[in-house]
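Visitor: Shown below is the structure under consideration.
The values are calculated or read from the model by the stated rules, or taken from the named source; none is laboratory data. The structure displayed is predicted, hence computed values, not measured ones. Glycine gets a Cβ as well: all are built from the backbone with ideal geometry, and neighbour counts include every protein chain shown.
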């Protein structure tokens, strides 16, 4: 097992453990808060993630992909630039939340902006630690921190929701998780990697070309999301925005628990592989091989079991979310191509090409999504899904034209992923068609069966993920059992 694969599996394992806390929090908060609360938070959170991406300014990626050893002075300058952007953004959030509340900005949104503005300052604190640990492919503390942050975010949000804080409860939960992550990484992740910020504008110039290009790529979807959420709220009301937020949150469970967990590992793995002479075709085929085996089965299950999932996670009062979730699940077809594609294009030094793709499809998303928001929630979700699939097709064609020699590996990845997905949903589909089971019983029977079939499919298709799981999960468990003498 290579260090890269060990790091990847550590992050995935930690995210799967965090899934339990996420699901519990989702179910409890769905019964404590109203759709309007989630709608107001969705607008504030969209603004938060947009400014968080801006504060990052591609600095982590710039440092991680560097072929040379990290220069402490350059890292200090990167930290100073990130702090400068975050501080300005924090000031804007607090100013907007306090001065424009109730007049320009709805009061619940304005109240949520204040803690989210403060949360923006957590990222620059750990920039140096993250860069150094990721370049070393040391993700042990990252993995444990993810679990703590998820549990803390859910606990704080539930406690404050019980006290009637509404959207602010969700914002304060997010604030607590951001600073908990920073605290743990600073204390246990490597104080030796801590980089004090250097506030010298002349030293920022080295980052401007790469950072501005990558920031535009990352900010475009955030900006479009903010505009679309605002348009949906204005045209359909905060309650419908809240319904969309819940559908999108369930859809994003795979992203938050698995893909977001793997994301910090991907660019270091890709950059390291390319530095060692691995062909871009093989890097692309491997990315697709792993993501199809993860995304397609999971999103197929979410679409198939949308109704019992909504009933169990949110309650029967949220049944309007079901069709929206099923439409969004269709966009899972695009995820192996679109997810982590920025990291791939960064690693192969093709950000200019990706910027053109990103710009064209964000414009299309904005136009179609705004028009669809005036029709219905389902039309809005269909517009989002259609443009995401279109973006995946463009990315796939561009990569195929550039790396046609890697076509056989790509075809193997897609075929293997499709086979695993079909097998995974077979038993749940039969149980659903047979009927007679309530929502809880249906999920209790379907999900373990689907999980076992998924694992079996990985073994039958000889997927590399099967070997990774065996090495990182099953062998350590077996050794632990033998050490305890449980079966003597």
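Visitor: Within segment 148-167, how many residues turn out to be over 20 Å from the mean Cα position of the chain (by Cα) and buried (at least 24 other Cβ atoms within 10 Å of the Cβ)?
Guide: Number of matching residues: 1.
Rundown of residues vs (1) closer than 22 Å to residue 337 by Cβ; (2) at pLDDT 75 or above; (3) buried (at least 22 other Cβ atoms within 10 Å of the Cβ), yes/no style:
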{"position": "180", "(1), (2), (3)": "no, yes, no"}
{"position": "188", "(1), (2), (3)": "no, no, no"}
{"position": "192", "(1), (2), (3)": "no, no, no"}
{"position": "205", "(1), (2), (3)": "no, no, no"}
{"position": "226", "(1), (2), (3)": "no, yes, no"}
{"position": "234", "(1), (2), (3)": "no, yes, no"}
{"position": "237", "(1), (2), (3)": "no, yes, no"}
{"position": "263", "(1), (2), (3)": "yes, no, no"}
{"position": "277", "(1), (2), (3)": "no, no, no"}
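Visitor: Further, regarding this structure: Can you find even one residue in segment 100-111 that is farther than 27 Å from residue 147 by Cβ, modelled with pLDDT of 80 or more and touching a strand residue (DSSP E or B) at 6+ places or on another chain (Cβ under 6 Å)?
Guide: yes
Visitor: Given (1) crowded, with 19+ Cβ neighbours inside 10 Å; (2) out of contact with any helix residue (DSSP H, G or I) (no Cβ under 8 Å at 6 or more places or on another chain), where does residue 316 come up short, assuming only one miss?
Guide: (1)
Visitor: List, please: which pairs have Cβ atoms under 7 Å, are six or more places apart or on different chains, and start with a residue in segment 425-438 that is assigned by TED's automatic domain parsing to the domain that holds residue 452 and free of Cβ contacts under 8 Å to residues at least 24 places away in the same chain and end with one that is surrounded by 11 or more Cβ atoms within 10 Å (Cβ to Cβ) and outside any helix (DSSP H, G or I)?
Guide: Filtered contacts from segment 425-438: 431/437.
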